[in-house]
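The values are calculated or read from the model by the stated rules, or taken from the named source; none is laboratory data. Owing to the predicted nature of the structure, the values given are computational and were not obtained by experimental measurement. In this analysis, Cβ positions are derived from the backbone assuming ideal geometry, glycine residues included, and neighbour counts consider all displayed protein chains.
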Amino acid sequence: MSRNAAEPVHPGRSAYDVLLQVRPLYQASERAVGRALQGTDLTVPLRAVLELLVHRGAMTVPQLAREFGITRQSVQALVDTGASRGLLGFEDNPRHRRSRLVTATADGERTFTEAHRRELANLERVAADLDGEDLARCARVLADLTDRIRRIPAADPDHDNDDDQESS
């Protein structure tokens, strides 16, 4: 991945090099988070749903599915599991009769907050000798790259076409 200083920098190739690092980072972090969740009612995917709801507030299943880039059926299964464990609840959606809002319960918020506290403690140790500004810049670039890649037209014309046309 290192390049010769005389070689020109190609943004597309550099973006590809970033993506080559993202997958192993994601896989390693998913394993680390999974280990940290042992002994809780959370799985890594359910923890992700809780995180989104705690940070952004109530959302519908289709909104969650769009956010994660997975099927509504997969999200519904996660939501049902979270509800059966008392971590997620539902409320009526004033904007859409059929699609209720999913919320984090007080127990769900406490469970997520405790899991997140442990994750941050681990990350403090891992990143102790890294430059905080570099990490912040990296996070901004990754967010921008993610947003731009999401805008690439989907090969599957049904991918972005939900029958449920509620607003996000």
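The residues of the range 80-104 that are touching a Phe, Trp or Tyr at 6+ places or on another chain (Cβ under 9 Å) and either under 24 Å from Arg150 (Cα atoms) or outside any helix (DSSP H, G or I) (or both), listed by number, are Leu87, Arg100, Leu101, Val102, Thr103, Ala104.
For the range 56-71, a tally of residues being surrounded by fewer than 19 Cβ atoms within 10 Å (Cβ to Cβ) and either β-branched (Val, Ile, Thr) or modelled with pLDDT of 95 or more (or both) returns 5.
To keep it simple, each residue is scored yes or no on (1) acidic (Asp, Glu); (2) loosely packed, with under 13 Cβ neighbours inside 10 Å; (3) in contact with a Leu (Cβ under 7 Å, 6 or more places away or on another chain); (4) closer than 12 Å to Val49 by Cβ.
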{"site": "Asp80", "(1), (2), (3), (4)": "yes, yes, no, yes"}
{"site": "Leu88", "(1), (2), (3), (4)": "no, no, no, yes"}
{"site": "Ala104", "(1), (2), (3), (4)": "no, no, yes, yes"}
{"site": "His116", "(1), (2), (3), (4)": "no, no, no, no"}
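If you go through the range 101-139 and keep only what is over 16 Å from the mean Cα position of the chain (by Cα), among the small types (Gly, Ala, Ser) and farther than 30 Å from Gly89 by Cβ, you end up with Ala127, Ala128, Gly132, Ala136.
Here is a list: Val18, Val61, Val49, Val9. Which entry is touching a Leu at 6+ places or on another chain (Cβ under 6 Å) and of a type in the set (Val, Ile, Thr)? Don't jump to the end; show me each part of the working.
Working: Val18 fails: touching a Leu at 6+ places or on another chain (Cβ under 6 Å); Val61 fails: touching a Leu at 6+ places or on another chain (Cβ under 6 Å); Val9 fails: touching a Leu at 6+ places or on another chain (Cβ under 6 Å).
One residue alone meets the criteria, Val49.
Just to be sure before I move on: is Gly34 in a helix (DSSP H, G or I) and more than 16 Å from the chain's Cα centre (by Cα) in the structure I sent? It is false that Gly34 is in a helix (DSSP H, G or I) and more than 16 Å from the chain's Cα centre (by Cα).
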